[in-house]
1. May I ask you to derive the FRET efficiency for residue 194 and residue 79 from their Cβ-Cβ distance with R0 = 30 Å, giving the value to the nearest 0.05?
2. Tell me the mean residue ellipticity at 222 nm calculated for the chain from its helices only (DSSP H runs of n ≥ 4, each -39500 (n - 2.57), averaged over every residue, nearest 500).
3. As an exercise, use a Förster radius of 35 Å and the Cβ-Cβ distance of residue 241 and residue 9 to find the FRET efficiency, rounded to the nearest 0.05.
4. Which distance in nm do the two modelled labels at residue 202 and residue 31 give, with both placed 7 Å along the Cα-to-Cβ direction?
5. Select from 119, 46, 205 the residue whose mean-square fluctuation is largest in a Gaussian network model of the chain (Cα-Cα springs shorter than 10 Å).
6. For the chain, with a Gaussian network of springs between Cα atoms less than 10 Å apart, report the residue from 37, 178, 87 with the top mean-square fluctuation.
7. Report, in degrees rounded to the nearest 10, the 0 to 90 angle that the Cα long axis of helix 234-247 makes with the longest principal axis of the chain.
8. What is the order of 140, 68, 191, fewest Cβ neighbours within 10 Å to most?
C-alpha cells in the first residue's frame, strides 16, 4: 500500500516536513500536554512545513520588497524564484517542462495576498486531499494571516503553494526557516463534500437530550465531580487507551 501522503522535496535546503507535535513545537504548557487531550490531539494532527530559507519582506499596502539570508540587499517583489533553482530545474526537467520552475514567492492580484511555495510537491493516495492552514495552537506573527485551503493532491501534481494576507505595513515581516509556517492535514474527499456536510441534524432545548445523552453527560460531568479522589486527565487516559486498542 502506498503511503497516504508523500512529500517530494524539490528545494532541499532547510528542514524537511515533520510530524506535528502534541506539545505544539514545545509551546504548550506542561499541564495542557499531560491532561488536555483535545488540544494535544489537534496539535499533532498532520505535518509541519518550514520555509526552505529564512526570508523577510516589507509591504507598503500596494507593493512589496523582499530579502533572504545571504542576499546582498532588498529586491522588488512581484514574482521571485528560489535562489539558484531555475538553473537546476532546467538542467534536470524534461525538455517540455524547462522554463516552468515554480516561483518561490509571488504577489497576487488580490489585495495584500502573498503566495508562498513550500518547496515541496505533495502527492496523496486516491481520494485523499491536504488541508493547509496555520500551525495548530502554535503562535505566529500577527503581521500576516494564513488563508486556509484544501488541495486535491491525489490529482494535483503541481507545487504545494499557500497564501497569506499581509497585514503589517512599513515593518519587516520575517519567516524563519527553523519555525513551522504551515500545517497540512490529510482529509478524505467525501468528508468535505456537500452531501456529507449537509447531512446534519440540529435539535433544540433540554428535551432534545435522550436517555443515552443524559447517561453520557453523567459519565462525563457528574460522576467525576462527585468523586473527591478523581485523577486529572481521565478523558486523556481513556482516549489514548481507546486509540491503542483500535491499533491492535
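1. On the way: r = 35 Å, r/R0 = 1.16.
With R0 = 30 Å, the Cβ-Cβ based efficiency is 0.30.
2. Working: 7 runs with 50 residues, N = 248.
My calculation for the chain gives -5000 deg cm²/dmol from helical runs alone.
3. Values: r = 36 Å, r/R0 = 1.04.
The formula returns an efficiency of 0.45 here.
4. Inter-label distance under the simple model: 3.5 nm.
5. Looking only at 119, 46, 205, the biggest GNM fluctuation is shown by 205.
6. Of the options given, 87 has the highest mean-square fluctuation.
7. 70 degrees
8. Working: 140 17, 68 21, 191 10.
Ordered from fewest to most neighbouring Cβ atoms within 10 Å, 140, 68, 191 come out as 191, 140, 68.
Read-outs throughout are calculated quantities, based only on the coordinates presented, and are distinct from any laboratory measurement. Keep in mind it's a predicted model, so treat the numbers as computed, not measured. FYI the Cβ positions are ideal-geometry reconstructions off the backbone, even for glycines, and counts take in every protein chain you see.
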